[in-house]
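Just below is one structure, and these are the notes that go with it.
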Amino acid sequence: MSAVLEVKSLSKTYRQGQAVTFQVKDISFKVEAGQVMGFIGRNGAGKTTTLKAILNLIRPEAGQVLIFGKDFLEAEDEIKQETGYAVGGMSYYKRKRIKDIAEVTKTFYDNWDDQAYRHYLKGFKLDENKRLMDLSEGMKVKFYLTMALSHQAKLLILDEPSSGLDPVSRDEMAEIFKKLAAKGVAILFSTHITSDLDKCADAITYIKDGKIVASMDKQDFIEHFANEMATTSPSLEDIMVYIEHEEVDI
Amino acid sequence: MKKLLAKEIRLTANPLSIVFIAFALMTLFPGYPILMDGFFLGLGIFFTYQQARECDDVIYTVLLPVRKKDVVTSKYAFVIMIQMANFILCVLLTLLRMTVLKDAGVYLANVMMNANLMYLGFLLMVYACFNIFFLGGYFKTAYKQGVPFLAFSVATFIVITIGETLSKVPGGQILNATSGVHPVHAVVFAVGVLVYVVGTWASMIQSIKHFENIDL
């Protein structure tokens, strides 16, 4: 399979004065067409920083992001025609109605498909006369997905899309991801909820303290840590606890 | 750019930014510092920026299929559009004062600045203050608005004070003429055009540079 997204040696340092407060260093991984990649790590591990750097929302000091084989910084507008995003907890124009936001947004996309838009609105049970602020967190994620899928996005980059969702909505989201992947859409989503990954991820990229611990096929990831932990079939939650375990000093 | 400008109007703009264009009517006020129109216009646009921050407008716009620098140019284009709408109204009202109303008693006895070509030159300088100090300051962070607005306010009041004072200095009465174009008026107007064009352009270039390097 071809890499839809390729992140090469991405680094970003946050400083306060001369002191380094946080750093993501040498981040590299690939997401292929039709693949659901779970980007996992604890709160504050660097997931959002990495995703923001991929999307050029923050400026990394080093590294390169290739999407559809093109350098993101050189073909930003072209690449974004085929890429969709959702950020959990974000609420654009919350006092505007869905249809008003969609009316403006669609003018930017060459491949906007009104039929697909109507299809996903119906499928996700979204009322386009509702204001964004009237939607639950789960419905907001569905709205962002609707927008992304209506312009035929081939890559979805989702930052904590399951945060704030109830278990039923999370289950639905996992099902949606699997269906989209089956249509060839590549999905990169960050989370710290391992059960989301159990349900739908094909591959895992694990980040700890701003560094990639592992990036591989989910089954290989589990087997790799099963050997290291000297156990059989650990769950992703067991692996996360193993990687992150620290003595509590009280 | 057209699409981004339409987006600014339909999703981002606070209605007050548009409504405050009507402050151009202050051009007709006698006994009042009519350059304050430029300040109120800036205040109206400031409301849009406050609203934009509240609704994550910058992030939404950056994620659209546009280049990051287009976000800055579209926001400058929106402000220039508002300013030019206000300016055209001010030009028309100034022409009214300089022709039909040139002998009106309230304007002949007006101790404050009269509407003439010099007024229009100073008005452009006030617009330039907004573009240089507010927009230029805002795009250093894309969220801090208080200090940039304060800087714009201080700069504007300095420009207004200079404008209002010039005609009070001995021999400066001609500057406050209610009709006719005097060479000094033309010079001040030309300076206003120059400050507006160069100031806005330089501010936009600087803002693009800042915006491409800041973390959102």
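Got a sec? Which of A:Asp209, A:Asp249, A:Asp202 is under 21 Å from A:Tyr85 (Cβ atoms), of a type in the set (Asp, Glu) and open to solvent by 10 Å² or more (accessible area, probe 1.4 Å)? Spell out the reasoning first.
Numbers: A:Asp209 fails: under 21 Å from A:Tyr85 (Cβ atoms); A:Asp249 fails: under 21 Å from A:Tyr85 (Cβ atoms).
Every option except A:Asp202 fails the conditions.
Here's the yes/no breakdown for (1) surrounded by 20 or more Cβ atoms within 10 Å (Cβ to Cβ); (2) touching a residue at least 24 places away in the same chain (Cβ under 8 Å); (3) closer than 21 Å to A:Gly34 by Cα; (4) within 12 Å of chain B (Cβ to nearest Cβ):
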site	(1), (2), (3), (4)
A:Lys106	no, yes, no, yes
A:Arg131	no, yes, no, yes
A:Val141	yes, yes, yes, no
A:Glu160	yes, yes, yes, no
A:Val168	no, no, no, no
**Prompt:** Can you find a residue in the range B:8-30 that is at pLDDT 95 or above, open to solvent by 10 Å² or more (accessible area, probe 1.4 Å) and hydroxyl-bearing (Ser, Thr, Tyr)?
**Reply:** no
**Fill in**
Matching residues in the range B:39-71 (touching a residue at least 60 places away in the same chain (Cβ under 8 Å), part of a helix (DSSP H, G or I) and over 26 Å from B:Val159 (Cα atoms)) number 8
**Message:** Anything in the range A:1-10 that is of a type outside the set (Asp, Glu), open to solvent by 20 Å² or more (accessible area, probe 1.4 Å) and part of a strand (DSSP E or B)? List them, or say none.
**Reply:** A:Ala3, A:Lys8, A:Ser9
**Message:** Looking only at the range B:58-89, filter to residues that are open to solvent by 10 Å² or more (accessible area, probe 1.4 Å) and away from every other protein chain (no Cβ under 14 Å); which one of those is farthest from A:Glu78 (Cα to Cα)?
**Reply:** B:Leu89
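Can A:Ile58 be described as under 17 Å from the mean Cα position of the chain (by Cα) and buried (at least 21 other Cβ atoms within 10 Å of the Cβ)?
Numbers: under 17 Å from the mean Cα position of the chain (by Cα): yes; buried (at least 21 other Cβ atoms within 10 Å of the Cβ): no.
Considered against the rule, which asks whether it is under 17 Å from the mean Cα position of the chain (by Cα) and buried (at least 21 other Cβ atoms within 10 Å of the Cβ), A:Ile58 comes out as no.
One line per residue, one yes/no per condition, for (1) under 24 Å from B:Ala52 (Cα atoms); (2) part of a helix (DSSP H, G or I):
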residue	(1), (2)
B:Phe122	no, yes
B:Tyr127	yes, yes
B:Phe133	yes, yes
B:Gly137	yes, yes
B:Ala142	yes, no
B:Ala151	yes, yes
B:Ile162	no, yes
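For A:Ala186, state whether it is touching a Leu at 6+ places or on another chain (Cβ under 6 Å) and modelled with pLDDT of 90 or more. Spell out how you get there, then give the answer.
Numbers: touching a Leu at 6+ places or on another chain (Cβ under 6 Å): yes; modelled with pLDDT of 90 or more: yes.
Considered against the rule, which asks whether it is touching a Leu at 6+ places or on another chain (Cβ under 6 Å) and modelled with pLDDT of 90 or more, A:Ala186 comes out as yes.
Suppose we filter the range A:191-250 for residues that are farther than 30 Å from A:Thr13 by Cβ and in contact with a His (Cβ under 8 Å, 6 or more places away or on another chain); how many remain? Spell out the reasoning first.
At the first step, the residues of the range A:191-250 found to be farther than 30 Å from A:Thr13 by Cβ are A:195, A:198-200, A:202, A:217-220, A:222-223, A:226-227, A:229-235, A:237-238, A:250.
Within this subset, residues satisfying the condition of being in contact with a His (Cβ under 8 Å, 6 or more places away or on another chain) are none.
Result for the range A:191-250: 0.
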**Complete:** Subset of the range A:63-88, residues touching a Ser or Thr at 6+ places or on another chain (Cβ under 7 Å) and within 10 Å of chain B (Cβ to nearest Cβ), comes to none
**Asked** Which one is nearest to the chain's Cα centre (by Cα) among residues in the range A:90-104 that are open to solvent by 20 Å² or more (accessible area, probe 1.4 Å) and within 10 Å of chain B (Cβ to nearest Cβ)?
**Response** A:Met90
**Request:** For B:Met118, indicate whether it is within 20 Å of B:Ser179 (Cα to Cα), of a type outside the set (Ser, Thr, Tyr) and either surrounded by 23 or more Cβ atoms within 10 Å (Cβ to Cβ) or modelled with pLDDT of 95 or more (or both).
**Result:** yes
**Item:** Conditions (1) of a type in the set (A, V, I, L, M); (2) under 15 Å from the mean Cα position of the chain (by Cα); (3) farther than 19 Å from A:Ala116 by Cβ: number failed by A:Ala214
**Value:** (2)
**Long-range neighbours under 7 Å by Cβ, at least six apart or interchain, first residue on the phi < 0 side of the Ramachandran plot within the range A:10-34, second surrounded by fewer than 16 Cβ atoms within 10 Å (Cβ to Cβ) and not in a strand (DSSP E or B)** = A:Ser11/A:Glu61; A:Lys12/A:Glu61; A:Thr13/A:Glu61; A:Glu32/A:Met1; A:Glu32/A:Ser2; A:Ala33/A:Met1; A:Ala33/A:Ser2; A:Ala33/A:Gly184
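The values are calculated or read from the model by the stated rules, or taken from the named source; none is laboratory data. Just so we're clear, the structure is a prediction, and the values are computed from it rather than from any experiment. Note that we place each Cβ from the backbone using ideal geometry, even for glycine, and neighbour counts take in every protein chain shown. Surface areas here come from the heavy atoms of the whole protein model, side chains and all, with no ligands, DNA or RNA. Shrake-Rupley method; radii C 1.70, N 1.55, O 1.52, S 1.80 Å.
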